[in-house]
Amino acid sequence: RHGTPRQVEFTFAKDTAEVIARYRFDRHPHAEVDGTIAVEGGTSNLRVKFRGPGVAHYILWGDDYTVHKPVGDLTFNGPMLSYDISGGLFGKDMQAKGTVDLSPKANDYTVNFKAGLFPYGVFGKPLPFGNVVTKVVCKKGFADFDLKAKLFDGAFSLTGRLDDNKQPQPYQGELRVDAISFNKFARVYSPEFDTEGDLTGHTEFTGKLNDWKSLK
């Protein structure tokens with residue numbers, strides 16, 4: 001009753017506590033825990049709801065992202081986790097919903113992510129992707145992804161598949177841009193140059209994660 005949700009779960013269900021511990025808060029959030037917490041080896045049926053007055057930190061793809069006034073709803077049903085997290089990210093609204101199979105050696109999950117703004121590094125420079133809508137479905141380590149966003153007054157989309165069963169992970173996909181400002185795009189990398197026009201096109205690609213030399 002007087003401990004944090006992580007402290008309560010850690011006493012009975014270490015794996016569940018480790019999932020909750022990934023959400024780091026600068027100020028104590030208001031949290032509610034309801035359900036059955038099983039001892040090690042048992043089956044938990046648990047719901048954790050939280051609301052933070054400050055910010056929370058979450059590590060994604062090696063980067064530490066700050067979510068302002070986070071609100072979360074985590075449901076543990078045996079090995080399955082369902083989550084719904086929302087808050088402010090880069091000054092815009094953000095929501096992430098999905099499921100994760102927490103069973104040992106399982107690699108199944110879904111992600112539905114929306115963000116008003118999500119700067120992401122491309123060739124060493126952050127590009128201001130806006131109105132981002134992303135869907136990822138991973139089954140047995142094969143992750144299919146579909147991303148749509150606004151970029152430099154135009155549209156950007158990325159679809160493909162990543163194989164997480166091999167190292168480094170091979171991927172394939174297709175990238176499309178529609179009427180993005182070539183002037184704004186070029187000035188990110190060469191601010192001293194002045195250009196005109198827009199850029200429309202698509203490219204199909206294959207490669208291996210974190211190995212740019214393998215990109216084709």
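Each Lys or Arg adds one and each Asp or Glu takes one away; over the other residues whose Cβ falls under 12 Å from the Cβ of Lys139, this sums to -3.
Over every Cα atom in the range 142-206, the radius of gyration and the widest Cα-Cα span, Dmax, amount to 14.8, 45 Å.
Subtract the Cα-Cα distance of Ala21 and Lys166 from 0.36 nm times their separation in residues, and report this length gain in nm to one decimal. Intermediate results must be reported in sequence, preceding the final value.
Numbers: separation 145, 0.36 × 145 = 52.20 nm, distance 2.80 nm.
Computed gain between Ala21 and Lys166 is 49.4 nm.
When a/c is below 1.5 the answer is rounded, else prolate if a/b is larger than b/c, else oblate, so apply that to the range 73-148 with a ≥ b ≥ c taken from the square roots of the Cα gyration tensor eigenvalues. It comes out oblate by the Cα gyration axes.
Segment Tyr65..Ala38, full-extension length gain: 6.6 nm, with 0.36 nm per residue of separation and the alpha-carbon distance subtracted. Solvent-accessible surface (1.4 Å probe) assigned to Thr206 amounts to roughly 60 Å². Between Ala179 and Asp144, the contour length at 0.36 nm per residue exceeds the alpha carbon distance by 10.0 nm.
For a straight C-alpha distance cut-off of 19 angstrom, the lysines reachable from Lys97 (same-chain residues fewer than eight places away being disregarded) are Lys49, Lys69, Lys114, Lys135, Lys139, Lys148. Surface listing: Met94, Met80 arranged by accessible area from highest to lowest gives Met80, Met94, probe 1.4 Å.
How much area per residue is accessible in the chain when the probe is 1.4 Å and only protein heavy atoms are counted (Å²)?
Working: 13890 Å² over 216 residues.
Heavy-atom SASA per residue in the chain reads 64 Å².
In loop segments of the range 70-115 as defined by DSSP, the trypsin sites (Lys or Arg not before Pro) with at most 11 further C-beta atoms inside 10 Å of their C-beta are Lys105. Shape analysis of the range 81-202 based on the Cα gyration tensor places the equivalent ellipsoid semi-axes at 31, 18, 12 Å, largest first.
What is the distance, in nm, between label points placed 7 Å from the Cα along the Cα-to-Cβ direction at Phe90 and at Ser103? Result for the modelled spin labels: 3.6 nm. Projecting label points 7 angstrom from Cα along Cα→Cβ for Phe205 and Thr159 puts them 1.7 nm apart. Taking 17 Å as the cut-off, the amide N atoms of the range 178-215 that come nearer than this to a point 7 Å along the Cα-to-beta-carbon line of Lys125 belong to 180-200. Take the solvent-accessible surface of the protein heavy atoms, probe 1.4 Å, and return the percent of it on the chain that carbon and sulfur atoms account for. Roughly 54 percent of what the probe reaches on the chain is carbon or sulfur.
The convex hull around the C-alpha trace of the chain, projected and averaged over every direction, spans 13.4 square nanometres.
The values are calculated or read from the model by the stated rules, or taken from the named source; none is laboratory data. Just so it is clear, the model here is predicted, and its values are computed rather than measured. Every residue, glycine as well, gets a Cβ built from its backbone with ideal geometry; the counts of neighbours run over all protein chains shown. The accessibility values were calculated without ligands, DNA or RNA, using every heavy atom of the protein model including side chains. Shrake-Rupley method; radii C 1.70, N 1.55, O 1.52, S 1.80 Å.
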